[in-house]
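I have placed the structure first, in the form of structure tokens, so that the comments after it can refer back to it.
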Amino acid sequence: MAQEALPFKLITPTGVLFDDAVREVIAVNPLGEFGVLPEHVNYVTAVVPCVVTVKLNDGTFRLFVVSGGLAEVKDGVLTILASSAETAEAVVEGEALSQEIVAAEQRLQGISFYEPAYHNALKAVQLARARELAVRLRAQVR
Amino acid sequence: MATLKAIRRRIASVQSTQQVTRAMKLVSAAKLRRAQEALLNDRPYAEGLSRLAGSLLAGQTMEPPPGAKKTALIAVISSDRGLCGGYNANLLRQAEEQAAQLRSQGLQVSFFAVGRKAADHFKRTGALVAGQQINNAPRLATVELANSIADMMLNEFRAGNYEQTAVIYSHFHSALSQRPTYERILPVESGKQTAAGVGGPSDYLIEPSRAELIPLIIQSYAQSAVYHALLEAEASEHAARMTAMDAASNNAADMISRLTLEMNRARQAGITRELMDIVGGAEALSA
């Protein structure tokens, strides 16, 4: 019989944000979006700053914004180790958020691809965009 | 013998000192509880990461680039403020010992000072300081600070400016015992990975590729290690301050009781003297 649920943990250095059995988890790695269903093979990937969509057993969704990290499936258990994460509900929408995106993009413009700071600046842009996306998505899933 | 007035003034002064030390002890106790909680919260992340690093790196370490300078970078995590007993002194002694040991291996040693106490110390000794971080923030251990230190270490390490990087922090054993600890961050110590590692990397489907994932794992690992060091240091600092302030409050209480005794004796002596004067005066009149 197929396993019905996927145990999923979202762990950050400041604590465990989510720990429950779910139906599906969707996140983004450097190659694009990927989804994990129950009975996934053992799998390791990098997670870029993105919105992690969790489909719960009752069919509703939970959204998280993660600032990048690693995802691992081991023996059917999905663990996302994120350097930081917040729930979509915690993102404050408004002027500050759009300013954050503009500021992050400007910073990225000023940095050459070969500089060590480029990687972090790119991550900041991705994170700012992910937070904006979370605000839009949370209105839809509600 | 001190006058009654001087003793009274002295008691009042010790009492107000005791009030301050007692308040500081209570504040440190509350902060310690929070720091310990943060230390516990970090555990699942650190364990998950070290398990993953163990199975993916599988004994492979990141070696310094060829031609790297014979220099070691030590980040010393001290406190911004004093009144915490021997906390900073022990830590800095350990730092100097470790530096001497590295120098005897033919390495140059450069320090990165976290906290004002370490920065002041290295300024005094004239040691080579690569940078410093004085935050004066209510919380020492933040992910942002840890990431900035770890990223700085990684960048400098990759650029070949340092052959190895390490942190020195106070390891939090208990509220009564904290031990300065030296921990190498880069190159990642191979012993740790194999200890936690179960199974080879072949068990996993890896995206984008193992070669691309390893730098990220090493980065996360370094960040997590530095964050852990900051958490330990924060808990240790509050524990040390709590113990020191508890001792100071007790000493103040002892001093107050001693001074009270002295004051009573002085007052009694005064009364006796006055009585003698009266008796002497009366006798002189009747005589």
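The values are calculated or read from the model by the stated rules, or taken from the named source; none is laboratory data. Owing to the predicted nature of the structure, the values given are computational and were not obtained by experimental measurement. FYI the Cβ positions are ideal-geometry reconstructions off the backbone, even for glycines, and counts take in every protein chain you see.
Here are the numbers for this structure:
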| item | result |
| --- | --- |
| Which numbered condition B:GLU144 fails, given (1) charged (D, E, K, R); (2) more than 16 Å from B:ARG184 (Cβ to Cβ); (3) at pLDDT 90 or above | (3) |
| Residue tally, condition within 13 Å of chain A (Cβ to nearest Cβ) and in contact (Cβ under 8 Å) with a residue 60 or more places away in the chain, over the range B:24-46 | 6 |
| Pair list, Cβ under 9 Å, 6 or more apart: the range A:106-123 residue touching a residue at least 40 places away in the same chain (Cβ under 8 Å), other residue part of a loop (DSSP other than H, G, I, E, B) | A:LYS123/A:VAL48; A:LYS123/A:PRO49; A:LYS123/A:SER67; A:LYS123/A:GLY68 |
| Where a residue in the range B:81-106 is assigned by TED's automatic domain parsing to the domain that holds B:SER174 and its partner, wherever it lies, is assigned to a helix (DSSP H, G or I) and of a type in the set (A, V, I, L, M, F, W, C), with Cβ under 6 Å and at least six apart | B:CYS84/B:ALA240; B:CYS84/B:ALA244; B:GLY85/B:ALA240; B:GLY85/B:ALA244; B:TYR87/B:ALA240 |
| Residues of the range B:123-151 that turn out to be in contact (Cβ under 8 Å) with a residue 40 or more places away in the chain and not polar (S, T, N, Q), as a count | 11 |
| Residues within the range B:105-161 that are away from chain A (no Cβ under 14 Å), assigned to a loop (DSSP other than H, G, I, E, B) and over 26 Å from B:LEU39 (Cα atoms), tallied | 6 |
| The range B:98-119, subset buried (at least 16 other Cβ atoms within 10 Å of the Cβ) and more than 15 Å from the chain's Cα centre (by Cα), residue nearest to B:GLY82 (Cα to Cα) | B:PHE111 |
| Residue within the range B:202-223 that is modelled with pLDDT of 95 or more, crowded, with 16+ Cβ neighbours inside 10 Å and under 28 Å from the mean Cα position of the chain (by Cα) present | no |
| Test result for A:SER98, farther than 26 Å from B:ALA146 by Cβ and either within 14 Å of another protein chain (Cβ to nearest Cβ) or surrounded by fewer than 14 Cβ atoms within 10 Å (Cβ to Cβ) (or both) | yes |
| Index of the failed condition, A:LYS123 passing every other in (1) outside any helix (DSSP H, G or I); (2) in contact with a Gly (Cβ under 7 Å, 6 or more places away or on another chain) | (1) |
| Subset tally (residues that are buried (at least 21 other Cβ atoms within 10 Å of the Cβ) and more than 9 Å from chain B (Cβ to nearest Cβ)) for the range A:37-61 | 6 |
| Lone qualifier among B:SER224, B:SER236, B:SER249 - being facing chain A (nearest Cβ under 7 Å) and assigned to a helix (DSSP H, G or I) | B:SER224 |
| For A:PRO30: the one exception among (1) under 30 Å from B:LEU39 (Cβ atoms); (2) without any contact (Cβ under 8 Å) to a residue 24 or more places away in the chain; (3) not aromatic (Phe, Trp, Tyr) | (1) |
| Leading residue by the ranking (farthest from the chain's Cα centre (by Cα)) among those in the range A:4-21 that are surrounded by fewer than 21 Cβ atoms within 10 Å (Cβ to Cβ) and more than 13 Å from chain B (Cβ to nearest Cβ) | A:GLU4 |
| From B:THR21, B:THR3, residue being in contact (Cβ under 8 Å) with a residue 12 or more places away in the chain and loosely packed, with under 13 Cβ neighbours inside 10 Å | B:THR3 |
